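Input: one structure, supplied below.
The values are calculated or read from the model by the stated rules, or taken from the named source; none is laboratory data. Owing to the predicted nature of the structure, the values given are computational and were not obtained by experimental measurement. Glycine also receives a Cβ, built like all others from the backbone with ideal geometry; neighbour counts cover every protein chain displayed.
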Amino acid sequence: MLIGIDDTDSPQGMCTTYLGAVLARRLIWEHMQVREARLVRLNPNVTFKTRGNAAVMLDVKGDPETAFWIACDLVEELADQSCENTNPGLVVTECKPNVAFYQNAVTDFCTLEDAVALLEATGARYRGWKNRRGLIGATAAVASELPDRTSEILVYRQEERFGTPRFVDRQSLFAAEAATFPHTWDTVDTVNDVVVCVPHTPDPVLFGIRGESPQWVRAARQVVRSEPPALEQIWVTNQGTDAHLLDADITDFQEGLSYRVRGTVEDSPKTGTGGHVSFTMGDEGHRVRCMAYEPTKNFRQVIRELRPGDEILACGSFKKGSINLEKINVIGLETGTSVRPPLCTACSKRMTSDGRGKGWKCKKCGARADEPEVQQVPRTLKTGWYEVPPTARRHLARPLCRPEPEA
Ligand code: ATP
């Protein structure tokens with residue numbers, strides 16, 4: 001059977017992955033076999049998410065009726081239902097719903113009605129609490145198929161420590177990254193000297209390490225020193241796979257969806273208030289603003305080096321008329337030229353314009369020239385991919401250290 005759960009946490013605590021990890025252990029105590037624990041991230045632009053729009057799925061061998069009641073009891077015990085925005089959903093199904101629902105949930109917006117209709121058609125056991133919105137994520141989780149997948153080991157805190165400051169040795173996190181990068185990523189941000197994998201919210205997660213396989217995340221985890229954890233779970237995930245990106249033209253954009261779009265830089269990037277950098281990208285007469293926000297730190301420096309005429313592939317979400325950049329591929333660089341008055345060959349002085357279309361004249365000796373001086377401006381920017389730093393990376397965004405999936 002497949003068990004899907006979503007929307008059990010609140011900003012004050014809990015985490016659906018923790019509930020999933022505890023459920024896996026309770027099912028094992030009941031002599032069931034947990035074949036896979038899966039963590040899927042869904043559309044990152046869904047507004048009612050608590051943090052990272054995660055949902056979980058357990059692939060379990062055992063009695064579905066027993067599993068359903070154990071899971072219901074656990075949701076009642078652990079979900080933070082005091083929060084208005086916590087609306088848990090639970091699905092137990094022996095038949096996997098069509099993957100199209102998951103694909104829609106990761107790239108677009110779904111309705112509760114569609115989720116319930118699919119669950120009915122699938123013959124699933126399901127239960128929703130309060131407004132039942134969590135059924136959307138729970139259904140997407142059991143419908144998911146992950147042709148490209150990564151791993152994350154999540155290490156959870158002892159209950160009595162929830163809400164207290166975490167102790168995870170900083171140095172050991174940098175050592176874990178040094179020992180296993182690029183097979184693991186986003187444990188720390190070495191350029192900005194920031195720890196990335198330890199949350200600051202009062203949830204049960206102590207830290208999480210992301211990587212290409214269970215072996216690599218386990219290897220990195222062994223290096224980390226911390227307060228004693230309560231439990232650890234390796235999840236199969238769609239994180240770091242770009243599953244949220246749709247290939248599109250500028251004309252196709254819809255609010256809250258994420259795209260991979262090609263175009264030409266139309267104006268010089270500008271830094272606005274708050275340090276956000278923006279420029280316009282165009283294609284066949286259509287235009288869109290691209291934004292590199294302040295939290296993307298050094299990535300903005302790359303964006304500032306773009307010039308009109310550069311050809312790029314931009315990746316990011318379309319929100320309020322802008323593409324919020326996650327990464328770009330600089331495909332072609334405009335060979336920059338600068339035009340200025342010519343030098344007088346006799347006096348080596350710079351000439352002055354003699355009026356529009358009338359050429360240039362030397363003030364000293366009166367010599368004339370018809371052509372300006374055209375100089376090649378060297379470009380420091382190189383073609384290729386550039387990405388936001390780990391501190392600003394979205395869960396679903398594929399880090400450049402991961403090899404491109406085969407076409
Ligand atoms: P949690 O740890 O509880 O999963 P979260 O940050 O992942 O926290 P949720 O609290 O689950 O976010 O809130 C997201 C809500 O949005 C859930 O109810 C989920 O069912 C719903 N949801 C997820 N993806 C979509 C989508 N594509 N369209 C509509 N609703 C969605």
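Restrict the check to the range 206-228 and report whether at least one residue is at pLDDT 95 or above and in contact with a Gly (Cβ under 6 Å, 6 or more places away or on another chain).
The answer is yes; a qualifying residue exists.
What pairs can you find where one residue is in the range 128-139 and in contact (Cβ under 8 Å) with a residue 24 or more places away in the chain and within 16 Å of Val56 (Cα to Cα), the other is among the small types (Gly, Ala, Ser) and in a loop (DSSP other than H, G, I, E, B), and their Cβ atoms are less than 9 Å apart, with a gap of 6+ or different chains?
Gly134/Ala79; Thr139/Ala124
Still on this structure: Any idea which residue in the range 254-305 is surrounded by the most Cβ atoms within 10 Å (Cβ to Cβ), counting only those that are in contact with a Cys (Cβ under 6 Å, 6 or more places away or on another chain) and among the hydrophobic types (A, V, I, L, M, F, W, C)?
This residue is Met281.
With the checklist (1) within 15 Å of the ligand (Cβ to nearest atom); (2) more than 30 Å from Cys401 (Cβ to Cβ) in hand, flag the one item Thr122 doesn't pass.
Going through (1) within 15 Å of the ligand (Cβ to nearest atom); (2) more than 30 Å from Cys401 (Cβ to Cβ) one by one, Thr122 breaks only (1).
Just checking, does the range 235-252 include any residue being at pLDDT 95 or above, outside any helix (DSSP H, G or I), within 24 Å of Glu159 (Cα to Cα) and of a type outside the set (Ser, Thr, Tyr)?
Yes, there is a match, as at least one residue in the range 235-252 is at pLDDT 95 or above, outside any helix (DSSP H, G or I), within 24 Å of Glu159 (Cα to Cα) and of a type outside the set (Ser, Thr, Tyr).
For Lys364, work out the one condition from (1) exposed (fewer than 14 other Cβ atoms within 10 Å of the Cβ); (2) charged (D, E, K, R); (3) touching a strand residue (DSSP E or B) at 6+ places or on another chain (Cβ under 9 Å) it doesn't fulfil.
(3)
Then there's this: For the range 1-91, list the strands (runs of 3 or more DSSP E) that sit wholly inside it and hold at least 1 residues that are among the polar types (S, T, N, Q) and more than 8 Å from the ligand (Cβ to nearest atom); which are they?
Because the criterion is at least 1 residues that are among the polar types (S, T, N, Q) and more than 8 Å from the ligand (Cβ to nearest atom), the strands (runs of 3 or more DSSP E) in the range 1-91 that meet it are 33-41.
For Val277, are the conditions met, namely being closer than 30 Å to Ile28 by Cα and in contact with a Ser or Thr (Cβ under 6 Å, 6 or more places away or on another chain)?
The answer is no for Val277.
Looking at (1) crowded, with 23+ Cβ neighbours inside 10 Å; (2) within 14 Å of Leu19 (Cβ to Cβ); (3) within 23 Å of the chain's Cα centre (by Cα), which one does Leu42 not meet, given that it meets all the others?
All conditions are met except number (2).
Taking the stated definitions as given, is Asp108 of a type in the set (D, E, K, R), within 14 Å of the ligand (Cβ to nearest atom) and in contact (Cβ under 8 Å) with a residue 40 or more places away in the chain?
Yes; evaluated as a whole, the condition is true for this residue.
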